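In what follows, a single structure is set out as structure tokens and then discussed.
The values are calculated or read from the model by the stated rules, or taken from the named source; none is laboratory data. Values in this document were obtained by computation on a predicted structure and should not be read as measured data. Using ideal geometry, Cβ is built from the backbone for each residue, glycine included, and neighbour counts are taken over all protein chains shown. Quick note on the areas: whole protein, heavy atoms, side chains included, nothing else; ligands and nucleic acids left out. Shrake-Rupley method; radii C 1.70, N 1.55, O 1.52, S 1.80 Å.
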Amino acid sequence: MPALSLGPVSPRDLLDILLVTTLVYQGYKLVVGTRAVNVLRGILIFAGVWGAAQILGLVTLSTLLGRAGTVGLFALVILFQPELRAALERVGRPRGREAQSGAALQDLARALERLAERKVGALVAIERSTPLGEYAATGVRLDAVVSAPFLEALFARNAPLHDGGVILQGSRVVAAGCLFPLQQSDGTYRRYGTRHRAAIGLSELTDAVVLIASEERGSIRIALGGRLGPDLNGSELREQLRTLVYDYGGPGYVSSPAPDTGRGP
């Protein structure tokens with residue numbers, strides 16, 4: 001049996017393959033962590049069945065699926081108009097880190113300081129490499145710019161979203177009033193309240209940096225990697241945010257807050 005020959009591969013062919021692979025990967029990054037992921041899986045299954053029908057010569061089924069696919073594309077554009085707009089906005093968003101996250105982290109630290117001073121509880125998760133879309137889906141979608149007054153308003157006493165968590169992606173508040181998984185009841189942090197255990201629980205399952213302002217003690221702490229750090233003052237909080245978020249080195253980056261000192265929540 002003669003060997004299968006694909007012919008000579010030119011540098012232009014390699015460039016073509018590289019560009020297509022990059023586009024597919026970037027497209028995946030745009031939809032991962034959103035409800036569009038499940039729709040994408042459905043589209044792939046639909047395309048697989050359509051291709052199989054054409055290969056097997058099932059004319060009626062192939063024609064029916066082809067016409068349904070044409071109508072479905074227009075329906076998807078209408079159904080996912082907000083997601084498509086957000087994806088295009090992300091593509092065109094400036095990539096400068098100072099403009100995108102430096103000012104946002106300063107506003108976040110300022111908001112946490114003010115909330116802690118007034119002993120108002122707060123729970124904020126900062127997304128890093130692990131998508132938090134499934135947790136954002138449990139709350140109210142916002143897509144707002146991070147600012148100290150806005151965050152303070154979200155956590156104000158008697159505010160509708162006060163008791164839930166807020167999720168940040170870059171310089172955007174993507175959702176508020178979110179439910180985070182509670183820390184496993186192994187006894188390590190059993191004395192802490194629900195807000196602290198939710199922060200620890202989320203940090204166990206993701207690489208998010210989770211900030212907690214305690215309404216009992218007026219303190220600020222960080223949960224990371226299933227561990228709860230010590231109380232932080234304003235300058236310490238800013239330094240931690242700079243190290244854990246602004247200078248974050250990607251999925252292989254290893255860092256954690258200082259270990260718990262054993263003090264109460």
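Here are some notes:
- Highest mean first, the peptides 192-201, 48-57, 141-150 sorted by other C-beta atoms within 10 Å per residue fall in the order 192-201, 141-150, 48-57.
- Karplus-derived 3J(HN,Hα), 6.51/-1.76/1.60, for each residue of the range 159-173, Hz, glycine and proline x: 6, x, 9, 4, 7, x, x, 10, 10, 10, 10, x, 9, 10, 8
- Point-to-point label distance, Lys119-Tyr246, nm (Cα→Cβ direction, 7 Å offset): 3.2
- Averaged over residues, the count of other Cβ atoms within 10 Å places the peptides 163-172, 237-246, 8-17 in the sequence 163-172, 237-246, 8-17, highest first.
- The 3J(HN,Hα) values that the Karplus relation (6.51, -1.76, 1.60; θ = phi - 60°) gives for the range 227-243 are, in residue order, 10, 10, x, x, 4, 10, 8, x, 5, 5, 4, 5, 5, 5, 5, 4, 6 Hz. Gly and Pro appear as x.
- FRET efficiency for the pair Val59 and Glu134, taken as 1/(1 + (r/R0)^6) with r the Cβ-Cβ distance and R0 = 35 Å, rounds to 0.25.
- Taking amide H atoms as placed 1.01 Å from N in the peptide plane, the amide H of Val209 lies under 5 Å from those of Ile126, Arg128, each 5 or more residues away in sequence or on another chain.
- Note on exposure: Phe155, Phe74 ranked by accessible area (1.4 Å probe, complete protein assembly) read Phe74, Phe155, with the most exposed listed first.
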